[in-house]
Each structure stands twice: as structure tokens, then as C-alpha cells.
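Structure first, commentary second.
The values are calculated or read from the model by the stated rules, or taken from the named source; none is laboratory data. Given the structure is predicted, the values throughout are model-derived calculations rather than measurements. Cβ: placed from backbone, ideal geometry, glycine included. Neighbour counts: every protein chain shown. Areas reflect the complete protein model, heavy atoms only, side chains present, ligands, DNA and RNA absent. Shrake-Rupley method; radii C 1.70, N 1.55, O 1.52, S 1.80 Å.
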Amino acid sequence: MSDDKGVSTPVYETELVTGIDVFEMAAVGTIVTDRTGCLRRVNPAFARLLGRDRDDLVGKSFSSLTSPDDVAVSLGVMQDLLNRTTDVAQFEKRYLRPDGSIVWAELHIRSIIDADGAVLEFLVQVIDITDRKLAEEAVERLHWQLEEAQSIAGLGSFEMDLNGAIRSSDELCRIFGRPTLEDVAGLMEVVHPDDRDTVDASVRACLEDHKPADLTHRLLRGEADGRWVQVRADWVVGDDGRDALVGTVLDITEKKLSEEALEYQAFHDTLTGLANRALFLDRVNYALKQRDAAPVAVLFLDLDDFKTVNDSLGHLAGDQLLVAIAQRLASVARVGDTVARFGGDEFAFLVEFGVMPQTVESIARRIEEVLRSPVLLGDSEVVVSASIGVATGQPLHDTAAVVLRNADLAMHLAKRNGKGRFELFHPGMEDESLKRFAITADLRHALDNGEFEVFYQPIVDSHDATPVGAEALVRWHHPRRGLVNPIDFIDVAESTGLIVPLGDWVLNEACRQAEAWRHAGVVDDGFYISVNLSARQLGEPSLVESVDRALRDSGLRPGALVLEVTESSLMLDFDAGLARLQALKALGLRIGLDDYGTGYSSLNRLRVLPVDIIKIDKSFIDQLGVDREGAALVKSVIDVTRALGLHSIAEGVELQSQRAILNEMKCDHIQGYLFAEPTPPADATRTLRRLGVHGSHLAKRRHQQKGTGRSSIDGPVTT
Ligand code: C2E
Ligand code: MG
Ligand code: MG
């Protein structure tokens, strides 16, 4: 509504009074209606406007001429006038033409009042504003299309003057997470505090040096801050002739997030979320480039016998185990350390600050400690250990590649020295790895050159310490290196395949020696010879035939032969291994489970394995008398072994105190330096004699042989 000081007051009272000519001649449509809005008088201009004859129009109600959409508004205005709330009114409405087209009109109404103050009629001036309206609609449509396009593109636009006042598109408000930007004092208010300096510098450069700005920054939004935008702005001269900035703001959050995700993937291990090799190397390199920095240490870890878990419990369990290990390793890390998975079961740990030898050792011990508690995978409890190699690097002196190679060498030494331990790298280790290389070459000829010898270590009854058996342990008399222990060549022989003929040779030697001892009465009929079988041998289809031949060639009673396998060698191909053990047992010999406790099997698994003897690993025996839990574990293994009708042998017994505890626990047999070390056959014969003959009936036999001179068992199977 407008008041009578409106833009144009259309009807002048003088004209009303002076007659009809002005009304008739007016270029603007003019009408007089009664109180109900019924048309009384109509001028030609109005008739032209509506495309009708004047006669047609007189007597018509205004509502019949008005577009149905605007009838209600018109009635409302009329009501106000009738109530005399006002005597003049102005509003816009649409008329309908007979051809169906619409005319937009601006109406200026004045009430004609009688002497009593009642409304008599209305004088209405009707201005055609159709062209303006169409133009406005077109602009609005364009504006709407622009907004729509901006919303689809996630692109907002703005214009900002030097005072920071902003004119913004709807999309910009949406991006900034605010209903309007009118209350924003300046663009800075929506910029993330960490990015304000950069944004401020760009805006300044744009306004002062007229340099276009192109920058990305984060937003500070009410409901969700941290969204990313790309802003492009340029300097313009505003409507008022003053400097201004116009620009666009693109919401690039999704793009930024996927870029971040890609970058994360490129530098992290997907399974465990730890850093990957690339990131780890990068960190080591960076740390080594820091001038005045402290030395760095790299701990390289390889899980022991991880393949066994994968093969026996499945890859899913294997993955779960890796994730659990990753978490445990991460729990050891301090701020600044990096833990990485290199793939498979290899992990690496970087200690960057304050590296002293004792710090590194304590970290290695801490890692061993966190790995020690069992991991529950489904129904199975798995105990893991890792072989850890540790190497340090001097900033500005060593490269990441060298430090990692050194840690790797040390890790391999830890593996060879019995796994589940750590080794610190020292320069001599490079020689050792060369030595290993040489061993591989030399080993090829060793068997043909007769460089191997079988040593024997007696196994005794835990009560009277009389020998019940002996283990055959191979030795290598290297032409230059001297006596080489199996730890230094068995795995090389295993990986080259030489273990198959070598193992066969040991088996034949051992069977013949045992039979010679029995024959000579050095041992009783119940005496057994124990021979180690490697994983590779167990995988050989010809194994059963070879063993059968060794027994027949030597004449040894099958019951006097024990073949030792480890849990891990069995796990390589569990079903095939199991079938082969059954076939071996069918020959009449017995199977011993070696190094029990170092693998992954539970006590439960003992029930399904076709084994007769459990050899409890030295690492458990070492705990006797030291650690209450260790003792409890040994006792439970012995108890279960007995309950299953199997024999128990304790390995690596060195102390009387250990023997006493084992005796109390009713362990059947004992093997260890306390009684005898592994020695060549002649020495072993003497040792067996010294230890006496097990079982009284044998005393007789020994007695019978007395006086027959030197028996045939004193030499290396010489008869
Ligand atoms: P193993 O089968 O567990 O043999 C027992 C190892 O413990 C032997 O080491 C033995 O000398 C050592 N040992 C026994 N009692 C004590 C003790 O009281 N204290 C200490 N510290 N050690 C003790 P050895 O002879 O060096 O053999 C190491 C491993 O090499 C054997 O472990 C076995 O796995 C393998 N090995 C030896 N000979 C053969 C073979 O002919 N074939 C295969 N496949 N493996 C063999
Ligand atoms: Mg053994
Ligand atoms: Mg053993």
C-alpha cells in the first residue's frame, strides 16, 4: 500500500469535477467501480488494455476480469478501503484478456467518500506494467538458473568491497554453512584460523597490486568446520567507482578428502593402518638428513613361523594376527617413533630421538614382552614371537638403505640363532652373511667329500639316569672352518634341498650305530635312536621307502627308531604331513614331537597328532626354578602327555635343580648337558657305558659279553 504521497497520484479531484474529457482522454486505463467492485465507468485506454469493448466491461465485477491467482489480494485491498483503514491503495495484479493472455497492471485506487464518510465508489487508475514484469521474470529466471548452476557445481560467488561488506550467492551461503552472510563482518570470519594469514595476504595482493587470487583454504563453519574451498578472486572497480573484489568459491571438500585418502593409501598398509615401506624409508631418510640430530635406530621384525598360522588356521586368522601384532607394536611406540609393516609378516620400528644402546635394547625387550601374551584367534590361542634385528644410523653419515639392510642382516642372524630373540647389528655381520653365502656353495660337495659326522647325545631315565635312547645330531667337519654346528647349515641345506640326501645319510648312520650298540650290549633292547626329520624330508613322497630301507639295511628293530618332527615342519602341509606320519608309524617306529612349545599348537592338538613322544623345548626347561608360571606350564604339558598315554622328554636339562623338579613332575626322560653332550660315536659309546645300562635284564647280557675284548661299537659304525 502506498500513501497519497505515492509515486503518482493518478486522479485529481479537479478533473473529477470538471467533467469526463480527462477521464476519456487519459492514456492510462481508468475505471470507476461501485463499493462491490462492479465496473461503472471504463475509459478507452482500459478497454484497450484488456482487449475488450467498453460496453462489454461496464457492469462486470472486477473479479471476473482478474486472474484467479490475484482475486484474493484484490478483495483484501478492497476490504481495507471499505473499512476506511486507508483511502488510497496501490498494488499489482494480473488481468485476463479474452484470448487467455495476461496483462500485468499496477493499480492506484482512491475511495470516493460521501458526506457521512461512507465509501461511495472507487476511482482506479490501471497502468500496464506487463513489459516490466516480463523483464523482471526473465531476470529472476536467469538468477534462479545461475543459483541452480552454482548449487550443482558447488560454486558460490561474491562481491566484496573494501569495508568487507559481502554480496553473496545462495550457494556461497550454503558452502559457508550460514543462512546469510549479511551478519558476517568480513570474509575472514568464515576462514579457518590456521589459514587466515594466507587468505589475508592473497586478498591484500589482489586489492593493492591488482593480482588475481587463487587459493585453497579451510572454512570455519557453524555446523561442520574443516570444509575445503578453492577461492578465485579478482580486483574490479565496483558500482560506486571504488575498488572491490569479485570472485568464486568452489567447495572442494570431497576432492580434498579423496586426495587425502589416496595419499594415505600410498603411504600406509591397508590391513594394519601402519606406515608402509615407502613412508618408513622416507622417515628414516629424513631423520638421517638432520644436521646435529641424534642417531636413529631401526628395529626390523619378522614373525617366527607365521606361515604356520596361515596354513593351519587360514588366511583370515593370519590377517587378524597381523592386525593384533600391529596394535601391540604401536602400543610400544612413543611420540616421534614410526611403526611400519613392510608386507607379509615383516614389521619395522624407527626410533628417532635419544637413541642410546640401552634405549634400543629396552625397546626390543618391550616388543618381545608385548608379543609374548597369546593372541586369541577364533577358538585358538596363538603365541607369537619375532626375530628382531637392530641397527643404528648416524645422521649425515648413513643412508636409510644401509641402516635397513643392516637391521635385516641382524634379523636373519636372530632367526638363525634360534628365533624369538633380537640381535644388534655389528660390522662383522656382513662377513657372516658372506660366510653363509660360502656355506651354500661348500655344502654342495660336503656329502660327497664325507665331511659330515653324526654325533650322539644320550637320553636318560629321569629316575636313575640310565640311558634309554640317544639323539643323532649331525656335524660338519668343514675343511677350512673346522667343526660347523647344524644351526649354521641345516636351514641352508633345507633351502637348497640337500637336506634330503643328507638326512637319509644321517638316518642310515644312526640306525646302524644303534644296532651296533645293541648288538654289543652297550644298550638294552628298549634303547631307541632318535633322528631328526626336516620339513623338506617330510614332504618327500619317497620318505617312507627310505626309512624302511634304512631299517632293513641296518637290521634295527623298527620299535627302536624314533623320528623327530617339529610342529612347524608339520604345518607346511598338514594333511600330507599327517598321512606321511601315519605311513611311517605303520612301519612300527615311533614319532617324537620336537621343540614342543615353540610352535603354535595347543595342548588340544596333541590328541589328533599321531605322535608318541613329546620333547619339551629347552626354552621351557630354562624357566624351571626361575618362574612359577613356566613351571606350571611344563607340569601341564607333562600331565597332558601322560593322560594321552604319550612319553615326555625334557630337552636341554643343564642343572640338578631342573632334574629334581622334572622328577617330581614325573617327566619320563631327560636329555641335556647335565648328563651328556652330543659327541662322536666313540665318545658316545664311552658315555653310554659310563651311564650304565637301563633295565636289569640287560645287566646279564653285558655280563655275557664281558671278556670278549673291545666291542664293535667304539668306532663310527665300524664293526
Ligand atoms: P634339536 O633336534 O632340538 O636338538 C637338540 C639340540 O639341543 C642339539 O643342538 C643339542 O646339542 C642341544 N642341547 C641338548 N642338550 C642341551 C643342553 O643341556 N644345553 C644346551 N644349550 N643345548 C643342548 P644341535 O646339535 O646344535 O642341533 C641343533 C638343531 O639342529 C637340532 O635341534 C635339530 O633341529 C637340528 N639338527 C641336528 N641334526 C640334524 C639332522 O641330522 N637332521 C635335521 N633335519 N636336523 C638336525
Ligand atoms: Mg631333535
Ligand atoms: Mg629340540
Exercise for review: Sort out for me the strands (runs of 3 or more DSSP E) sitting completely within region 104-212 that have 3 or more residues that are at pLDDT below 90.
Suggested key: 155-161, 166-168
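Residue by residue, here is whether (1) modelled with pLDDT of 95 or more; (2) of a type in the set (Phe, Trp, Tyr) holds:
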residue: Lys666; (1), (2): yes, no
residue: Phe675; (1), (2): yes, yes
residue: Thr679; (1), (2): yes, no
residue: Ala684; (1), (2): yes, no
residue: Val693; (1), (2): no, no
residue: Ala699; (1), (2): no, no
Practice item. Sort through Glu346, Glu368 and tell me the only one that's over 23 Å from Asn276 (Cβ atoms), charged (D, E, K, R) and either surrounded by 14 or more Cβ atoms within 10 Å (Cβ to Cβ) or free of Cβ contacts under 8 Å to residues at least 60 places away in the same chain (or both). Key: Glu368
Point to revise | Residue in region 670-685 that is of a type in the set (Ser, Thr, Tyr), touching a strand residue (DSSP E or B) at 6+ places or on another chain (Cβ under 8 Å) and in contact (Cβ under 8 Å) with a residue 60 or more places away in the chain present | key: yes
Point to revise | Any chance Ile490 is within 16 Å of ligand 3 (Cβ to nearest atom) and assigned by TED's automatic domain parsing to the domain that holds Gly692 | key: yes
Check your understanding: Does Leu215 qualify as being in a strand (DSSP E or B), more than 30 Å from Val351 (Cβ to Cβ) and touching a residue at least 60 places away in the same chain (Cβ under 8 Å)?
Key -> no
Review point. Does any residue in region 400-417 that is under 11 Å from Leu301 (Cβ atoms) come within less than 6 Å, Cβ to Cβ, of a residue that is open to solvent by 20 Å² or more (accessible area, probe 1.4 Å) and of a type in the set (Lys, Arg) six or more places away or on a different chain, and which pairs are these?
Key: Ala414/Arg421
Point to revise | Restricting region 581-602 to residues that are in contact with a Gly (Cβ under 8 Å, 6 or more places away or on another chain) and either without any contact (Cβ under 8 Å) to a residue 40 or more places away in the chain or more than 13 Å from ligand 2 (Cβ to nearest atom) (or both), the residue that is least open to solvent (accessible area, probe 1.4 Å) | key: Leu589
Practice item. Return yes or no: is Val544 assigned to a helix (DSSP H, G or I), within 16 Å of ligand 3 (Cβ to nearest atom) and either at pLDDT 95 or above or not assigned by TED's automatic domain parsing to the domain that holds Ile459 (or both)? Key: no
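Which of the residues spanning region 433-482 are away from ligand 2 (no atom under 16 Å from the Cβ), among the hydrophobic types (A, V, I, L, M, F, W, C) and within 30 Å of Leu662 (Cβ to Cβ)?
Ala465
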Review point. Which residue out of Gly630, Gly625 is more than 16 Å from ligand 2 (Cβ to nearest atom), farther than 21 Å from Gly592 by Cβ and outside any helix (DSSP H, G or I)?
Key: Gly625
Check your understanding: Which strands (runs of 3 or more DSSP E) does region 434-510 wholly contain that include 2 or more residues that are buried (at least 17 other Cβ atoms within 10 Å of the Cβ)?
Key -> 452-461, 467-478
